[in-house]
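*Asks:* First, the structure itself, so that you have it in front of you.
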Amino acid sequence: MSLAGRLEEIELAELLHFLALNSRTGKVTLSRRDAHGLVLVRQGRIVYAASSSVRETFGSMLVCQGLVTPGDLAQALELQHMSARERKLGHILVDMGAITEGQLEEVVRQQTGLVVQELCRWRTGYFRFEVGPVASAGDFGVDAEDFVVTAGVATDQVLLEAMTRMDEEGPAAPAPSTALAIASGPLAPALRAEATVGLLRRASAVVERGVLLLLRGDEAQGAGQVGLDALPEADELARRVRLPLGEPSVVAEAVERRESWKGPVPATPANDRLLRLLGGARPTEALVVPMVLRDGVGLVFYGDNVPSSRPLGPTEDVEWALLEAGLAMERDLLDARLRDFERARGFRP
């Protein structure tokens, strides 16, 4: 499964922040007329970043920072060339005693930040995010293995540093991640009608009945339904759903873990209230897919197999529909904050 779009509509900083919040694993590829880029993320952390327009080599970075001498670099390159097995240049330099493991990790982290900074400047082009495994060690399948951060780098830290450098280097159009530091108060975004309809249509192919919930603070509020049309005033019924996230429930657990969940619904007061609102029958299998944004805002879809009791379909379609709707909400949130920021800045003397 993949998600693709234009950078004019969803900027890279926005996408990476969203993937970090939801602990996604996969690769983001970027392309424009004169360049291409790649970012690998594991559980939302950036493991690797590369761009065809950033051409500083690993060795030159070490020499420019005074960490190794040109002689040390030449010796390490010769050892790398003569080695019977493929070895990373950084590891050879560590084995030689030219640099420490800590210095190596810091240079790789710096390079990752520089690449992400350059990619975040792209205002046109295309992106594609593809879900897939990213190795925890060994071969990552990339050209410059020396620039892999095995443990990953905190995405928000990289984005904050990238945005700070971009601000220091000169004026630029406000990037979505800049808004993270502008306002800390939560907003209550509206879910676009077209996103709701598309999401519920795709969910209907997976579940018999379900309800779409908006996360706002410490509560999940009903926003739409599928499969409940036989009940009187089904849409109004769905909007009456209120689930406190402080009570044990399948919804609260999925939101807390930020992971999809599937299985039989345990008997808890919150779960039982939800099932009563949906018609009363207890399913043999249910599905909860959360999509968390920021400040306690996000989306959750609950669905189950009442009345047929047939096994639920594959969950990927629901997850991607939620991701698309969540990105639209995230963009609306950031646009609103940037407008507020611009208005406030206009009143400064």
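*Asks:* Looking at segment 111-128, which of the residues that are open to solvent by 50 Å² or more (accessible area, probe 1.4 Å) and not hydroxyl-bearing (Ser, Thr, Tyr) is nearest to the chain's Cα centre (by Cα)? Talk me through it step by step, then tell me what you get.
*Replies:* Filtering segment 111-128 down to residues open to solvent by 50 Å² or more (accessible area, probe 1.4 Å) leaves 114, 121, 123-124, 126, 128.
Subset that is not hydroxyl-bearing (Ser, Thr, Tyr): 114, 121, 123, 128.
Values: Leu114: 20, Arg121: 19, Arg123: 19, Arg128: 13 Å.
Among those residues, the one meeting the criterion is Arg128.
*Asks:* Looking at segment 232-260, I want the residues that are touching a residue at least 40 places away in the same chain (Cβ under 8 Å) and have a partner that is in a loop (DSSP other than H, G, I, E, B) and open to solvent by 40 Å² or more (accessible area, probe 1.4 Å) with Cβ atoms under 8 Å, at least 6 apart or on another chain. Which pairs are those?
*Replies:* Leu237/Leu231; Val250/Pro266; Val251/Leu245; Ala254/Ser260; Val255/Leu245; Arg258/Ser23; Glu259/Ser23
*Asks:* For segment 239-282, which residues satisfy the criterion of being in contact with a helix residue (DSSP H, G or I) (Cβ under 8 Å, 6 or more places away or on another chain) and part of a helix (DSSP H, G or I)?
*Replies:* Val250, Val251, Ala252, Ala270, Asn271, Leu274, Leu277, listed by residue number.
*Asks:* Same structure, new question: Quick check on segment 99-110. Is at least one of its residues over 24 Å from Lys27 (Cα atoms) and of a type in the set (Gly, Ala, Ser)?
*Replies:* Yes; the residues of segment 99-110 include at least one that is over 24 Å from Lys27 (Cα atoms) and of a type in the set (Gly, Ala, Ser).
*Asks:* Scanning segment 146-156 for residues that are part of a helix (DSSP H, G or I) and in contact with a strand residue (DSSP E or B) (Cβ under 9 Å, 6 or more places away or on another chain), which turns out modelled with the highest pLDDT?
*Replies:* Let us first name the residues in segment 146-156 that are part of a helix (DSSP H, G or I), namely 146-147, 155-156.
Retained after the next criterion (residues that are in contact with a strand residue (DSSP E or B) (Cβ under 9 Å, 6 or more places away or on another chain)): 147, 155.
On the way: Phe147: 59, Thr155: 84.
Across segment 146-156, the extreme among qualifying residues is Thr155.
*Asks:* While we're here: Can you tell me which of Glu342, Glu324, Glu330 is in a helix (DSSP H, G or I), modelled with pLDDT under 90 and loosely packed, with under 13 Cβ neighbours inside 10 Å? Even if it seems obvious, please write down each step before you answer.
*Replies:* Values: Glu324 fails: loosely packed, with under 13 Cβ neighbours inside 10 Å; Glu330 fails: loosely packed, with under 13 Cβ neighbours inside 10 Å.
Unique residue meeting the criteria: Glu342.
*Asks:* Tell me yes or no: at least one residue of segment 283-296 is in contact with a helix residue (DSSP H, G or I) (Cβ under 8 Å, 6 or more places away or on another chain) and surrounded by fewer than 21 Cβ atoms within 10 Å (Cβ to Cβ).
*Replies:* Within segment 283-296, one or more residues are in contact with a helix residue (DSSP H, G or I) (Cβ under 8 Å, 6 or more places away or on another chain) and surrounded by fewer than 21 Cβ atoms within 10 Å (Cβ to Cβ).
*Asks:* Which pairs turn up if I take residues in segment 75-98 that are under 17 Å from Ser60 (Cα atoms) and look for partners that are open to solvent by 90 Å² or more (accessible area, probe 1.4 Å) with beta carbon separation below 7 Å, at least 6 apart in sequence or on another chain?
*Replies:* Once the first residue is under 17 Å from Ser60 (Cα atoms) and sits in segment 75-98, its partners that are open to solvent by 90 Å² or more (accessible area, probe 1.4 Å) give Val94/Glu101.
*Asks:* Right, something else. Return the residues of segment 175-207 that are surrounded by fewer than 21 Cβ atoms within 10 Å (Cβ to Cβ), assigned to a loop (DSSP other than H, G, I, E, B) and at pLDDT 55 or above; say none if nothing qualifies.
*Replies:* Answer for segment 175-207, where residues must be surrounded by fewer than 21 Cβ atoms within 10 Å (Cβ to Cβ), assigned to a loop (DSSP other than H, G, I, E, B) and at pLDDT 55 or above: Arg192, Ser204, Ala205.
*Asks:* Counting only residues that are in a strand (DSSP E or B) and surrounded by 19 or more Cβ atoms within 10 Å (Cβ to Cβ), which one in segment 22-37 is farthest from the chain's Cα centre (by Cα)? Spell out the reasoning first.
*Replies:* So in segment 22-37, the residues in a strand (DSSP E or B) come out as 26-32, 35-37.
Those left that are additionally surrounded by 19 or more Cβ atoms within 10 Å (Cβ to Cβ): 26-28, 30, 37.
Working: Gly26: 10, Lys27: 11, Val28: 10, Leu30: 15, Gly37: 17 Å.
Within segment 22-37, the match that is farthest from the chain's Cα centre (by Cα) is Gly37.
*Asks:* Out of Val108, Val41, Val68, I need the residue that is touching a residue at least 12 places away in the same chain (Cβ under 8 Å) and part of a loop (DSSP other than H, G, I, E, B). Which one?
*Replies:* Numbers: Val108 fails: part of a loop (DSSP other than H, G, I, E, B); Val41 fails: part of a loop (DSSP other than H, G, I, E, B).
After applying the criteria, what remains is Val68.
*Asks:* Quick check on segment 253-277: of everything there that is aliphatic (A, V, I, L, M) and at pLDDT 90 or above, which residue is farthest from Leu212 (Cα to Cα)? Give the steps one after another, and end with the answer.
*Replies:* Narrowing segment 253-277 to residues aliphatic (A, V, I, L, M): 254-255, 265, 267, 270, 274-275, 277.
Filter once more, so that each one left must be at pLDDT 90 or above: 265, 267, 270, 274-275.
Details: Val265: 17, Ala267: 21, Ala270: 16, Leu274: 12, Leu275: 14 Å.
Taking the candidates together, the pick is Ala267.
The values are calculated or read from the model by the stated rules, or taken from the named source; none is laboratory data. Predicted model, so just to flag it, every value in this text is computed and none were measured. For neighbour counting, all protein chains shown are included, and Cβ atoms are generated from backbone atoms with ideal geometry for every residue, glycine included. Heads up: the accessible areas ignore ligands, DNA and RNA and are worked out on the full protein's heavy atoms, side chains in. Shrake-Rupley method; radii C 1.70, N 1.55, O 1.52, S 1.80 Å.
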